[in-house]
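Trainee: The structure under discussion is supplied below as structure tokens; questions concerning it will follow.
The values are calculated or read from the model by the stated rules, or taken from the named source; none is laboratory data. Please read all numbers here as calculations on a predicted model, not as lab measurements. Positions of Cβ are generated from backbone atoms using ideal geometry, with glycine treated the same way; all protein chains shown enter the neighbour counts.
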Amino acid sequence: MAVASSVIPAGGNTVGAFAAVKFAILLVMSQHPDSPLPPTRRAFFLAAAQLGLASLATATVTTLAAVVGAKAIGAQPAPKRAAAGAALPPMTVYKDPNCGCCTEWVSHVRKAGFVVTVRDTADMSSVKASFGVPSALESCHTAWVGTYAIEGHVPADLIQKLLREQPVARGLAVPGMPQGSPGMEQGAPKDAFDVLLFDKAGKTRVFASR
């Protein structure tokens, strides 16, 4: 075909020749009465062939394909985002059976999403020693969650932060029983208190202040 041969570049450019042959095939398809090409595509190739704009035709087809591909990708449902927080590990709380504020603290952490097993014991000193809680940091109840000891009325959101950040430490502690801390909300005024991160050697630093 004269038009097809006229769009093949001279000079032995194999890539250009291949593109031109591809264009010529599409051109033949556009001229066939039973062509699968849409009418607009057929008209485009005929007009481009008449003007000798093979490179424009090829570039436009590539652009159209890219646009269609982008739309197809955009039409796919967005991947689901990960949950706001990973599943919380189970927690075991050791407390004296007669400790009311300990029971209130258990309710506090359960409301925050922790699954809690409560173990009542009269020998809390042994529990604290086994978890490496320094005597200076002791409170009423002691918990174990993940790989950390939690001593006293530590706010649940700070336990979650501890589990997210995974610092090298033994655990968190709120020494004593500060008024206004989780489980100790009764009465006024509320006490300011520090939540301490402590290591195996008993060294501490302030993890958060409330």
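Trainee: Of the numbered conditions (1) within 23 Å of Pro89 (Cβ to Cβ); (2) in a helix (DSSP H, G or I), Ala136 satisfies every one except a single condition; which is it?
Mentor: Ala136 satisfies every listed condition except (1).
Trainee: May I pose another question? Could you tell me which residue of the stretch 142-170 is farthest from the chain's Cα centre (by Cα), considering only residues that are in a loop (DSSP other than H, G, I, E, B) and among the polar types (S, T, N, Q)?
Mentor: Selected residue: Thr147.
Trainee: Mind listing whichever residues of the stretch 105-141 are within 15 Å of Pro175 (Cα to Cα) and under 31 Å from the mean Cα position of the chain (by Cα)?
Mentor: Trp105
Trainee: OK, next. Out of the stretch 93-113, which residues are assigned to a loop (DSSP other than H, G, I, E, B) and in contact with a His (Cβ under 9 Å, 6 or more places away or on another chain)?
Mentor: Passing the criteria: Asp96, Cys99.
Here's the yes/no breakdown for (1) outside the structural domain of Gly183 (by TED's automatic domain parsing); (2) surrounded by 12 or more Cβ atoms within 10 Å (Cβ to Cβ); (3) of a type outside the set (A, V, I, L, M):
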position	(1), (2), (3)
Cys102	no, yes, yes
Val109	no, yes, no
Gly113	no, no, yes
Met124	no, yes, no
Ser130	no, yes, yes
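Trainee: Listed residues Ala173, Ala156; which is surrounded by fewer than 20 Cβ atoms within 10 Å (Cβ to Cβ), in contact with a helix residue (DSSP H, G or I) (Cβ under 6 Å, 6 or more places away or on another chain), of a type in the set (Gly, Ala, Ser) and modelled with pLDDT of 95 or more?
Mentor: Numbers: Ala173 fails: surrounded by fewer than 20 Cβ atoms within 10 Å (Cβ to Cβ).
Checking each option against the conditions leaves just Ala156.
Trainee: Additional query: Please specify each residue of the stretch 178-210 satisfying the condition of being under 19 Å from Ala129 (Cα atoms) and in a loop (DSSP other than H, G, I, E, B).
Mentor: Scanning the stretch 178-210 gives Asp199, Lys200, Ala201, Gly202, Lys203.
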